[in-house]
Structure formats: structure tokens, C-alpha cells
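Following: one structure in C-alpha cells, then a few remarks.
Coordinate-derived values only; no laboratory data. As the structure is a computational prediction, the values presented were derived from the model and not from experiment. Cβ sites come from the backbone with ideal geometry, for glycine too, and all protein chains shown count toward neighbours.
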Amino acid sequence: MTGQEVLEIFEKTGGYIKDSHIVYTSGKHGKQYLNKDAIYPHTKEVSKICMEIATRFSGEGIEAVVSPALGGIILSQWTAYHLSILMGCEILGIYTEKTPEKNQILTRGYNELVAGKKVLIVEDITTTGGSVKKVIASVQSAGGVIHAVCVLVNRNPKEVNELTLGVPFFPLAEIEMDAWDEKDCPLCRAHVPINTRVGKGREYLARMKMV
């Protein structure tokens, strides 16, 4: 599966939005958006993507797949399932949970399941790499050995890569999206309506009404 085919799955399921006016979590504005939540209801497509990940890492001794909740739970389960079939042994599907301080930690005794095991970390979309770094730290703190990180789409190749993460890094697809500060946004200047269905558009407009 090529990177273009991964993006086509996002687009087919309504998860790749183009030519809109998006407010990102960072507060910046842009015209493209990858909505990871749009692909998860489509189990056949998610299974296909996770089979691709499993195939790429089959035979490399992976013993557990770890992903950050919430969406990552689906990815860890499907990837571990396909790896188990390909390798003929049980591969564990594990997830980390977000704390009030926005860390990603292993709970429910999962730290004991990770200890001493070769781990593949799987994530949907990386923009800053923050969540992945927190999962890496939790796995290493529990005594797991990180074999690699694989993500469906990396939105920021310049800042999120093997060098910045400190572990082998494999994105299935990469795409750079323009993002502007509000004062520099050409979409604002052109009075393009803000998308309130995805991103932080709804919150942004509510905040503007209060100013």
C-alpha cells in the first residue's frame, strides 16, 4: 500500500478535507484537514491499513503493539490481530491512556505486559509528535524495548522524524499542510467561512463572539 492509497482511504471515508477553512488545535488556520475519526467506523478499511503495517513488521520479533487512546486502541488491536496471524503466535494489543496532565501512561497492569517485550508503537496522525513521545516514554519506563514507531500519516516531516523521536520511524504517508497565524491567514482576508464540523472552528467562533 502506497502513501497515496492511504490518503485515498482517508478521502473516501470523508477524513481528508480539502479547500476548507480549518482552525487547528494549535490555533493556526489552514485549508486542509485529516479527520482520523472518520476512518474508524469503516472496519474493512482500517483492517486493510493495519494489515499493511503488520506485513511490514512481520518476522521482526514484535511481541506487543502499543497505541495511545482513544483511536489508537483500534489500531493496536487490528495490527496485533494481523501480526498474530502472520507470525503464528499471540501478539498483544495494548494502549496507553491520557492523564489530566495530558501524559500517556500504561494503566490496568499493562506496564507488566510490556516489560521486556519488543514493542511496535502505532499512531494515526502525527503533527507535533507529542503523543508519540509520551507513549515512547511510558513504554521505556515500563521496561519495553521499542522496535519502531509506525504512523498512518505524518503531517510534519520536518519536525517529526526518526531524529526528533529518537527511535526508528515509519509513516505510511506524509503530507505537509500549510498553516497560518490568524493575522496572516489568506482565508480570513477572503472571508471564507470557518468550518465548524472539524478542528477547533466552533470554539474559535464562540471565542470571537466573546471578544
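Please give the direction-averaged projected area of the C-alpha convex hull for region 160-199, in square nanometres with one decimal. Don't jump to the answer; show the numbers that get you there.
Details: hull surface 18.5 nm².
Averaging across all directions leaves 4.6 nm² for the Cα convex hull.
Lys18: which lysines have alpha carbons under 18 Å from its alpha carbon, excluding same-chain residues fewer than 8 sequence positions away?
Straight-distance partners of Lys18: Lys28, Lys31, Lys36, Lys200.
Using amide H atoms built 1.01 Å from N in the peptide plane, name the residues 5+ places from Ser67, or on other chains, whose amide H lies under 5 Å from its own.
Excluding prolines and chain starts, which carry no amide H, the hits are Ile94, Tyr95, Thr96, Val122.
In sequence order, what are the phi-derived ³J(HN,Hα) couplings for region 47-55 according to the Karplus relation 6.51 cos²θ - 1.76 cosθ + 1.60 with θ = phi - 60°, rounded to whole Hz, with x for glycine and proline?
Residue by residue, region 47-55 yields 4, 5, 5, 5, 5, 4, 4, 4, 5 Hz.
Provide the net charge surrounding Arg189, with neighbours chosen by a C-beta distance below 14 Å and charges set as Lys +1, Arg +1, Asp -1, Glu -1.
Numbers: positive: Lys31, Lys183; negative: Asp181, Glu182, Asp184.
Surrounding charge for Arg189 is -1.
Are there cysteines in the chain with no other Cys C-beta under 4.7 Å, and if so, which?
Cys50, Cys89, Cys150
Figure the gain on full extension for Leu205 and Ile85 (residue separation times 0.36 nm, minus the Cα-Cα span) and round it to one decimal in nm. Mind showing how you got there, number by number?
Values: separation 120, 0.36 × 120 = 43.20 nm, distance 4.82 nm.
Stretched out fully, the Leu205 to Ile85 stretch lengthens by 38.4 nm.
What net charge do the residues around Lys200 carry, taking every other residue with its C-beta under 13 Å from that of Lys200, with Lys and Arg at +1 and Asp and Glu at -1? Walk me through the numbers before you get to the answer.
Working: positive: Lys28, Arg197, Arg202, Arg207; negative: Glu182, Glu203.
Within the 13 Å Cβ shell, the charges total +2.
Local charge sum around Leu83 (other residues, Cβ-Cβ under 12 Å, Lys/Arg +1, Asp/Glu -1)?
Working: positive: Arg56, Lys118; negative: Glu52, Glu60, Glu63, Glu90.
Here the count lands on -2.
Neighbouring Cβ atoms within 10 Å as the yardstick, rank Ile74, Ile175, Ile85 fewest first. Numbers along the way, then the final one.
Details: Ile74 23, Ile175 19, Ile85 13.
Ascending number of Cβ neighbours within 10 Å: Ile85, Ile175, Ile74.
Across all directions of projection, what mean area in square nanometres is found for the Cα convex hull of region 15-58?
Details: hull surface 16.7 nm².
Taking a quarter of the hull surface, the average projection is 4.2 nm².
Return one quarter of the surface area of the convex hull spanned by the alpha-carbon atoms of region 63-175, equal to its mean projected area, in nm².
On the way: hull surface 26.3 nm².
Computed as one quarter of the Cα hull surface, the answer is 6.6 nm².
Calculate one ³J(HN,Hα) per residue across region 144-155 by plugging θ = phi - 60° into the Karplus curve 6.51 cos²θ - 1.76 cosθ + 1.60, and present them in order as whole Hz with x for glycine and proline.
So the J values, rounded to whole Hz, are x, 10, 7, 7, 5, 10, 10, 10, 5, 9, 9, 8.
Above 13 angstrom, tally the Cα pairs of region 75-128 and express them as a % of all pairs, no decimals.
Beyond 13 Å sits 67 percent of the P(r) for region 75-128.
Taking every alpha carbon pair in the chain, what does the distance histogram look like in 5 angstrom bins from 0, in percent?
Calculated P(r), rounded to whole percents: 1, 7, 15, 18, 18, 16, 11, 7, 4, 2, 1, 0.
Enumerate the calculated ³J(HN,Hα) couplings along region 32-46 in order (Karplus 6.51 cos²θ - 1.76 cosθ + 1.60, θ = phi - 60°), each rounded to whole Hz, writing x wherever the residue is Gly or Pro.
After applying 6.51 cos²θ - 1.76 cosθ + 1.60, I find 10, 8, 9, 9, 4, 5, 6, 7, 4, x, 9, 4, 5, 6, 5 Hz.
Scan the chain and hand back the longest stretch that contains none of the GluC sites (Glu not before Pro) lying in DSSP loops with at most 14 other Cβ atoms within 10 Å. Working shown, then result.
Values: sites that count: Glu60, Glu90, Glu101, Glu159, Glu176.
That gives 1-59 as the longest site-free run.
How large are Rg and Dmax for region 15-134 when only the alpha carbon atoms are used, in Å?
For region 15-134, the Cα radius of gyration and maximum Cα-Cα distance read 15.6, 47 Å.
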